[in-house]
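Before any comments, here is the structure.
The values are calculated or read from the model by the stated rules, or taken from the named source; none is laboratory data. Because the structure is predicted, anything quoted here is derived from the model rather than measured. Backbone-built Cβ (ideal geometry, glycine too); neighbour counts: all protein chains shown. Keep in mind that these areas ignore ligands, DNA and RNA; they rest on the heavy atoms of the full protein, side chains included. Shrake-Rupley method; radii C 1.70, N 1.55, O 1.52, S 1.80 Å.
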Amino acid sequence: MYKHIVVAVDLAHGEAGKALLDKAMALADAGGTIRLVHVLEDVPSYIAAELPRDLNDRRNAEAKVELKLLADAVPAESGLSFDTEIRNGAAAGQILQSAEDNGADLIMIASHRPGLSDYFIGSTAARVVRPAPCS
């Protein structure tokens with residue numbers, strides 16, 4: 001069905017990422033590629049001044065390890081290739097950019113029950129789905 005799938009993974013919700021990966025594997029064509037993308041949101045400068053200087057490096061390293069563990073849990077006989085990618089910035093924009101950069105024909109992202117703030121500013125999933133260049 002799909003040759004290049006971008007799976008946006010929020011590592012704070014590990015089970016949702018595993019469920020998304022399982023669905024992506026079911027939807028991927030034989031020989032397809034699944035790219036696991038995690039976005040580290042920028043820390044506001046007024047907060048960053050109080051945090052350790054190497055915090056971003058540690059966050060990147062931890063995210064790489066967690067994404068690799070998620071990808072490595074997939075059986076080798078699946079016939080799919082897996083890539084992982086860590087991006088920094090606003091989640092919705094970075095997910096869309098990853099999809100564009102990698103020629104994705106499907107973006108998968110988990111959603112949640114909307115809270116009050118989602119009604120005012122929208123959820124990340126909504127900000128990805130509306131302008132997405134693919135399914």
Rounded tilt (10° steps) of 55-72 against the dominant C-alpha axis of the chain:
20 degrees
Percent accessible area from carbon and sulfur atoms, the chain, protein chains only, probe 1.4 Å
55 percent
Loop-located chymotrypsin sites (Phe, Trp or Tyr not before Pro) in the stretch 1-101 whose Cβ has at most 15 other Cβ within 10 Å (DSSP)
none
May I ask for log10 I(q)/I(0) of the chain at q = 0.09, 0.16, 0.17, 0.22 Å⁻¹, from a Debye sum over the Cα atoms as equal point scatterers with solvent left out?
-0.28, -0.84, -0.94, -1.39
Restricting to Cα atoms and excluding each atom paired with itself, what does the Kirkwood estimate give for the stretch 12-52 in Å?
13.1 Å
Averaged per residue, what accessible surface does the stretch 1-48 expose to a 1.4 Å probe, in Å²?
52 Å²
Output the relative contact order of the chain, whole-number percent, from Cα pairs under 8 angstrom with separation of 6+ residues.
34 percent
